[in-house]
Amino acid sequence: MNKFVSSPLLPGNGIVRLPPLPLDKKADVATFKALQAARTVLGTRVVDAAFTAAMARVTPAPSSSPAAEHALAEYARVAAAANAILREINDALRQSGLLNNDKATELEQHATRIQQLERERYAATLAYQATAIDNARGDRDRAGDVAAAWAARESAVTAIVDALEDMQAWIVDDFSEE
């Protein structure tokens, strides 16, 4: 299933295509990797890129200008579209059986851990972006809050990278034994 997000805030021609989502949702490594790849692109090339572009349009202009408000509204639209696709990815993970199994295999344990970390990263990203937007509007100086929110986001990203490396090491070990 091919998905894309379009916006003037996105790089290039304003369209970001996600890696194809698997149609056959099995509890296997290939399904997890495909869904994780789509989730990663959604986070980095869509939400983060749109936010960066919106902030570039807000920061130099007066924060109450129509151009700044338009950029923030467009960012909110992109974030909502990304959130809808993220729900589809999360549903696909659940349908595959990778997340909710009492007698979880090691793959399911890795998938569940990464799912939780992705939720934490997404929440931290949204908190950072909301704080940065509030700071850019100039209602009050929130630079310290912005830095703390960014640090929380970076901590979540580092935890995801570590968990993905652990999973990759498990995959290599598991398949090298066969």
V161 versus R137, label points 7 Å from Cα toward the beta carbon: distance in nm?
3.3
Under a 10 Å cutoff between Cα atoms, tell me which one of V46, V161, V58 has the largest fluctuation in the Gaussian network model of the chain.
V161
Note down the net charge around V41, summing +1 for each Lys or Arg and -1 for each Asp or Glu among other residues with Cβ under 11 Å from its Cβ.
+3
Hey, what's the Cα Rg ratio for segment 10-68 versus the globular rule of thumb, 2.2 N^0.38 Å?
1.59
Can you give me the Cα centroid spacing of segment 10-44 and segment 104-143 in angstrom?
19
Using 0.36 nm per residue of separation minus the Cα-Cα distance, give me the extension gain between A123 and E154 in nm, one decimal.
10.0 nm
Rg to Rh quotient for the chain, alpha carbon positions, Kirkwood Rh
1.04
On a full-extension model of 0.36 nm per residue, what is the gain between A147 and D173, subtracting their alpha-carbon distance, rounded to one decimal in nm?
5.5 nm
Mean projected area (nm²) of the alpha-carbon convex hull when segment 70-142 is viewed from all directions:
5.9
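Read-outs throughout are calculated quantities, based only on the coordinates presented, and are distinct from any laboratory measurement. Here the structure is a predicted model, which is why all the values come from computation and not from measurement. Here the Cβ is made from the backbone with ideal geometry for all residues, glycine too, and neighbour counts use every protein chain on show.
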